[in-house]
Structure formats: structure tokens, C-alpha cells
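Rule-based calculations on the coordinates, nothing more; no lab input. None of these values were measured; they are calculated from a predicted model. We place every Cβ from the backbone using ideal geometry, glycine too, and count neighbours over all the protein chains shown.
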Amino acid sequence: MRTQQMLLAVFTLFVGSSLMFAGTVSGKVTYTGTPERQRPIDMGKEPYCVKQHAKPVTYESVVTGANNALENVVVYVSSGAPDEGQVPSQAVTFEQKGCQYLPHVVVMHTNQELKVTNDDQATHNIHPLAKANREWNKSQAPGAAPIVEKFAREEFISVKCNVHPWMHGYFAVLKTSHYDVSKGGGNFKLPNLPPGKYTLTAWHEEYGTQTADVTITGNETKNVNFTFKAH
């Protein structure tokens, strides 16, 4: 019993020390050049979809913000942190709302539960064009139960709707929980990184990938920025 108590105390001290010295990487994703202007989506063939928007929405393959900020960029630890065997128990949700996929890019851990919902009064279709994982293609009627799926391998998967061709998104399947998606200001944040050397990868569906190396030595915040060239 005493040995077990000692081991528990050592483990608790180790975990506490790791958290105490965990660092953070934060930064901003921007672009140079002139991005292609996103076209308005023509939902005219589905009157219900048109009524869901006060004004036309645009495609989301390139979404920008003030000061050359670039949104929908997945930034994650691609090297340095061991593959995490602990899969998050909470499912990630991919919504079909207003005849759009929301969010445009959804990130999940390998083997984490994905829940696809349909909030519209229209039948939709979810077709992930997977290559490393199993490809599937499912329809979802209004009021139908959520579609629940998992992906076992790392992959960035293009997702389309065969019913409404303007509906398009991405599943980013990673072997790590250290990730973020750049928001309106292009910002991202990766907290709780133990001391070590890491490689970060930034992925964008149109502009490709970039990497950067960073070293965490304690409970510090390191700044790393990524700049993509628009084309």
C-alpha cells in the first residue's frame, strides 16, 4: 500500500510539474498578394436554401479578414509531440445549416467521433472524398438522426454534397489534439505544450502547407507567424 501511495505521489508531482512548465505557441496567419474574389453562391435551384439568407453568401475556399488575415488555416503540431493514444471522448459536430457546411473546416483526432447533423428542411448529402480512409456517401433527410462516423488515419478530406454542388468543406483528421483553426483575425493558439522541440504545420485548402520549428523551454509563450502567397 505504501509503495502504491509513493508511486501515486510521484505521478501526481510529475503531472503537476509538466502542467506548470507547459508553454503556449500563438501567432497569426496572413497572406501577401491578391486573393481571388469569392463568387456569390447561386442557390436558385433550391428555393428553400435561398430563403435562409437575407443576402447571397459566397464560397469559402479563401476567406480573408482585416490586415491581410487568412481564415480557415489549420495549424497543428506535426512533429515533436508523440501520437496521442487518448482519443477525445467528445464528438465533433459538422452541421448542415442554411444549405452550407458549418464549420467549413472541422478538425478531429483519429478515431474521434464525428457527428453530422441536418438543421435544414431539405435533404442533404455528405460525401467525404477520402483516400487514406474509407470513402462513404450518405444522404440525410430533414429531421433524420445524426450520422456518426470515425476516421482511423490522418488525412485532409474534401467533403461535398452531391445534391447541392455549392456545399463544400474539409475534414482535417490528425493524430494530435494540439491544433487550432485561424479565425477572423488570422489568429491561432496552441496551449499546454510541455518543454521540447516542435514542428508546426499550417494547412490551407488553396495555398498548401507551411512549416515552422519552435522550442518550448518552460511556461512561456512563443510567437510563430505564417504568411501564404495568394494566387
Q) Shape call for region 127-231 from the C-alpha gyration tensor, a ≥ b ≥ c root eigenvalues: rounded (a/c under 1.5), prolate (a/b greater than b/c) or oblate? A) prolate
Q: With a Förster radius of 30 Å, plug the Cβ-Cβ distance of LEU129 and THR58 into 1/(1 + (r/R0)^6) and report the FRET value to the nearest 0.05.
A: 0.85
Q.
Only Cα pairs within less than 10 Å get springs; with that Gaussian network setup on the chain, which residue of ALA144, ALA152, ALA172 has the largest fluctuation?
A. ALA144
Q: Measure out, as a whole number of angstrom, how far apart the alpha-carbon centroids of region 183-230 and region 78-150 sit.
A: 24 Å
Q) Hey, which lysines would be in cross-link range of LYS55, C-alpha to C-alpha under 21 Å, not counting anything within fewer than 8 residues on its own chain? A) LYS45, LYS97
**Q.** Cα-based helix-to-principal-axis angle, 2-20 vs the chain, degrees rounded to 10
**A.** 60 degrees
Q | No Cys partner within the rule (Cβ under 4.7 Å), the chain | A | CYS161
(Q) Quick check on the chain: helices-only [θ] at 222 nm, where DSSP H runs of length 4 and up contribute -39,500 (n - 2.57) each and the sum goes over total residues. Nearest 500, please. (A) -3000 deg cm²/dmol
